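Since the structure comes first, as structure tokens, the remarks are kept for the end.
The values are calculated or read from the model by the stated rules, or taken from the named source; none is laboratory data. What you see is a predicted model; the values in this text were computed from it and never measured. Neighbour counts run over all protein chains shown; Cβ positions are idealised from the backbone, glycine included.
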Amino acid sequence: MKYSIRLFVFLCILFIQFACKHNYSHVDRFYTEKGDGDMGRLPLIKPYEVLSTTTDMGWCIALKGKYSGIGFCNVKKVTVLDTVILLYTGNTILYNRNVKQSWHVIIPKNDFDKGFDNHTDYLNFLTSMAIKPEPNLYNIDLVASYFDEYEFIDWKKIHKLDKGNLER
């Protein structure tokens, strides 16, 4: 009888630990789906996501607001602050021009997106939105690794953990 109780308690503890670690049943599937086949996927704020490509274009995002149907590739760094997505790219196309780098602000609830090819203009825009100091943007491949490990991107947790642990 004692053995049965111990086994029952052990199994309950094991189940609770597993459930606590992987309980995302309350989370929209948009935020937990990984992608199909070779195409990697990182959910940002619904309906925005970045997708990896098998080409040299790297991670890409489609814009859903004013410039619906347009997007850009070569996303290198990303972060999400509550209702705002911030991205940094290497070589890409910005408003029909080739640029060596760009910064982007996307606010899904307002169907707003704006890109900058000048870091100072980007910082000034963030300041006008009362976002100061400049938020850390995280290496997208490291965010992808985090997503693979934890099944969900908890941006608040990433920001708290970022004491030099994630390459910027």
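Of note:
- Every residue from the stretch 67-103 that is in contact (Cβ under 8 Å) with a residue 12 or more places away in the chain, out of contact with any strand residue (DSSP E or B) (no Cβ under 7 Å at 6 or more places or on another chain) and within 11 Å of Leu44 (Cα to Cα): Val80, Leu81
- Condition met for Tyr95 (over 18 Å from the mean Cα position of the chain (by Cα) and modelled with pLDDT under 90): yes
- Residue within the stretch 108-122 that is in contact with a helix residue (DSSP H, G or I) (Cβ under 7 Å, 6 or more places away or on another chain) and under 30 Å from His26 (Cβ atoms) present: no
- Pair list, Cβ < 6 Å and 6+ apart or interchain, from the stretch 148-168 residues that are within 14 Å of Asp82 (Cα to Cα) to residues that are modelled with pLDDT of 85 or more: Ile153/Phe147; Trp155/Val80
- Taken over the stretch 44-55, residues that are at pLDDT 85 or above and closer than 15 Å to Lys76 by Cα amount to 5.
- One residue alone among Leu81, Leu63, Leu44, Leu86 is farther than 23 Å from Asp154 by Cβ and hydrophobic (A, V, I, L, M, F, W, C), and that residue is Leu63.
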